[in-house]
1. Does the stretch 40-48 contain any residue that is of a type in the set (V, I, T), part of a loop (DSSP other than H, G, I, E, B) and modelled with pLDDT of 75 or more?
2. S9 - would you say it is more than 13 Å from the chain's Cα centre (by Cα) and modelled with pLDDT under 75?
3. If you take the residues of the stretch 23-39 that are small (G, A, S) and either closer than 19 Å to T12 by Cβ or in contact with an Asp or Glu (Cβ under 7 Å, 6 or more places away or on another chain) (or both), which of them is modelled with the highest pLDDT?
Amino acid sequence: MNSYQSDGSTTTFTLCLDADNGTLSVAQNGNYCIIKAGLTGSYCWMVNFWGICGSEQEVEMEMGTPP
C-alpha cells in the first residue's frame, strides 16, 4: 500500500470496475493496481476519504472509458 499526501492541487484517482473479468482496480498517473478480483453480482459505489479538518474536499463520479 502506498501513502498519498496532497500539495493542495487537484488529484484524480480512477476506480475501474471490470464486470466482465470481475476485477476492481485503482489508478493514479497511469499506474494501475488490481485491488480485488473474483467479483460477481451487482454493485453500488460509495466513496469514503479522510482529509485535513476544515479543508474543502470534493468527489466527482462519472461513468466512462478507462484512460
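The values are calculated or read from the model by the stated rules, or taken from the named source; none is laboratory data. Predicted, not measured: the structure shown is a model, and the values here were computed from it. Reconstructed Cβ throughout: ideal geometry from the backbone, glycine too, with neighbour counts over all protein chains shown.
1. Step one: filter the stretch 40-48 for residues of a type in the set (V, I, T), giving 40, 47.
From the residues that got through so far, the ones that are part of a loop (DSSP other than H, G, I, E, B) too are 40, 47.
Filter again for modelled with pLDDT of 75 or more, leaving 40.
So far as the stretch 40-48 goes, yes, one or more of its residues are of a type in the set (V, I, T), part of a loop (DSSP other than H, G, I, E, B) and modelled with pLDDT of 75 or more.
2. On the way: more than 13 Å from the chain's Cα centre (by Cα): yes; modelled with pLDDT under 75: yes.
Spelling it out, S9 is indeed more than 13 Å from the chain's Cα centre (by Cα) and modelled with pLDDT under 75.
3. Going through the stretch 23-39, the residues small (G, A, S) turn out to be 25, 27, 30, 37-38.
Checking which are either closer than 19 Å to T12 by Cβ or in contact with an Asp or Glu (Cβ under 7 Å, 6 or more places away or on another chain) (or both) leaves us with 25, 27, 30.
Numbers: S25: 90, A27: 84, G30: 74.
Out of the qualifying residues, it is S25.
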